[in-house]
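Enquirer: Attaching a single structure in structure tokens format; questions to follow.
Where a number appears in this text, it was derived from the coordinates with a stated rule and is not lab data. Predicted model only: the values in this text are computed from it and were never measured. Backbone-built Cβ (ideal geometry, glycine too); neighbour counts: all protein chains shown.
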Amino acid sequence: MATLIDGKQISADIKNEVKEKVAAYKAEGKEISLAVIQVGNNPASTVYVGNKKKACEYVGIKSVAYELPEETTEEELLDLIKELNGRCDINGILVQLPLPKHIDEDKVIETIDPIKDVDGFHPMNVGALSIGRRGFISCTPYGIMKLLERTNIDVNGKHCVIIGRSNIVGKPMGMLLLKANGTVTTVHSRTKDIKELTKQADILVVAIGKPKFVDETYVKDGAVIIDVGINRDENNKLCGDVDFDRVVDKASAITPVPGGVGPMTIAMLMNNCVEAFEFQNC
């Protein structure tokens, strides 16, 4: 039976560490603040934004909410971001994705000042990661690295296979594992013989958005399995991209869904907000 990697506990530990830092700054009369922008009322986005606001409240970061109507124009959204870029009392800017179809997400991400881009999506931050410079790291891959680190799973010299090549998870995940001296293979929808590659993985990261896609036939005995997926199965129950019940006895360690990677994303967002404040030193 695999060791369960407890994302709930590790994320709680990180949020408590952030809370202490925020309290220390407050004692000096300094406040850390995050602007959260949501355009439209996508139900999933509303849930995510609510969770981020709750996390801010818990750690003591001030969240400034901008809930804009669906018909908000691209120009209006960009003008708001530019205004927030110039405000010294706003340390981080988060625009909840997806945006309505009439708004160019790339243009929005590129308009956010890189030193306030706490999501780590701006091309300058992605570029900084790729060459080992300081910058904000996308919260989900950053959280996965913390899960590995805090469960004493050493990446050094390990073969790490990532299923998925998204800009938000797959690509930055590869760069972080490479930085930690892993040997990295990325497989995707055009890869031939995916199983032949995943069965070589010491650490397998699955981020493709397909419920229970990975079963025991994809996994080497003793592998560490990181499941990034959040889906609903045929019974409307939350599940990951990995068929947990079929893989758990083959792996040495595995993240459950829910309670694995998910909580880490918001914990690292809070961490990034503090880093943004420290970097700006307003």
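Enquirer: For a quick check: sort C239, C56 by the number of other beta carbons within 10 angstrom, fewest at the front.
Expert: Listing C239, C56 from fewest to most nearby Cβ atoms yields C239, C56.
Enquirer: For the stretch 89-175, which GluC sites (Glu not before Pro) pass both filters: DSSP loop (anything but H, G, I, E, B) and at most 14 other C-beta atoms within 10 Å?
Expert: none
Enquirer: How far apart, in nm, are two points set 7 Å out from the Cα along the Cα-to-Cβ line at E57 and at E216?
Expert: Each label point is offset 7 Å from its Cα along the Cβ direction, giving 4.5 nm.
Enquirer: Using Cβ contacts closer than 10 Å as the measure, can you line up F213, F121 from fewest to most?
Expert: With the fewest neighbours first, F213, F121 line up as F213, F121.
Enquirer: In the stretch 190-247, which GluC sites (Glu not before Pro) fall in coil by DSSP and have 11 or fewer other Cβ atoms within 10 Å?
Expert: E234
Enquirer: Just to confirm a number: summing +1 for Lys and Arg and -1 for Asp and Glu over residues other than R246 whose beta-carbon lies under 11 angstrom from that of R246, what do you get?
Expert: Once all neighbours under 11 Å are counted, the net charge is -3.
Enquirer: Something else now. Relative contact order, percent, of the chain when contacts are C-alpha pairs under 8 Å separated by at least 6 residues?
Expert: For the chain, the relative contact order is 23 percent.
Enquirer: Restricting to DSSP H runs of at least four residues, report the calculated mean residue ellipticity at 222 nm for the chain, -39500 (n - 2.57) per run over all residues, nearest 500 deg cm²/dmol.
Expert: Estimated from H runs of four or more residues: -12500 deg cm²/dmol.
Enquirer: Let me ask something else. Listing M124, M1 from the residue with the fewest other Cβ atoms within 10 Å to the one with the most, what is the order?
Expert: Sorted ascending by nearby Cβ count, the order is M1, M124.
Enquirer: List every residue whose amide H lies under 5 Å from the amide H of V64, counting only residues 5 or more places away in sequence or on a different chain, with H placed 1.01 Å from N in the peptide plane.
Expert: Those lying under 5 Å, H to H, from V64 are L34, A35, V36.
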